[in-house]
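Each remark here refers to the structure printed beneath this line.
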Amino acid sequence: ILDVNRDHEFAPVKNAPGSSSDSPDTARIMISNMFKEWVTEAGGKLTGNVTDSSICEISPSTSYAGEGLEELVKGKEIECPFQL
């Protein structure tokens, strides 16, 4: 049994797009919110449309689990939506 943060490790996709839960849409929002959290934890300030509708992405070649983002975002304003 693993004890993990569900928001970071589990985003089931079993319902059709447009469903209010367990859909591709909700999985996309969950991972986007995780990326926003990584930027904030690395010292970046999110600006612009910071709502769930603003899809943000961090490439796995940039950071696999939030590591190494400080040099890219610390002390900077990051406009949402973003792609790093």
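One table, with the values for the structure above:
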{"item": "Neighbours by Cβ (under 8 Å, 6+ apart or cross-chain): first from the range 66-84, on the phi > 0 side of the Ramachandran plot; second open to solvent by less than 70 Å² (accessible area, probe 1.4 Å) and among the hydrophobic types (A, V, I, L, M, F, W, C)", "result": "GLY66/TRP38; GLY66/ALA42"}
{"item": "Selection from the range 56-84 of residues that are among the small types (Gly, Ala, Ser), within 22 Å of ASP7 (Cα to Cα) and modelled with pLDDT of 95 or more", "result": "SER59, SER61, SER63, GLY66, GLY68"}
{"item": "Helices (runs of 4 or more DSSP H) within the chain that include 3 or more residues out of contact with any helix residue (DSSP H, G or I) (no Cβ under 8 Å at 6 or more places or on another chain)", "result": "24-41, 70-73"}
{"item": "Contacts under 6 angstrom Cβ, first residue in the range 39-62 being under 12 Å from GLN83 (Cα atoms), partner open to solvent by less than 50 Å² (accessible area, probe 1.4 Å) and among the basic types (Lys, Arg), 6 or more apart", "result": "CYS56/LYS36"}
{"item": "Of residues in the range 1-55 being at pLDDT 90 or above and of a type in the set (Lys, Arg), the one most open to solvent (accessible area, probe 1.4 Å)", "result": "LYS14"}
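The values are calculated or read from the model by the stated rules, or taken from the named source; none is laboratory data. Being a predicted model, the structure only gives us computed values, none of them experimental. Backbone-built Cβ (ideal geometry, glycine too); neighbour counts: all protein chains shown. Accessible surface is based on the protein model in full, side chains and every heavy atom, while ligands, DNA and RNA are left aside. Shrake-Rupley method; radii C 1.70, N 1.55, O 1.52, S 1.80 Å.
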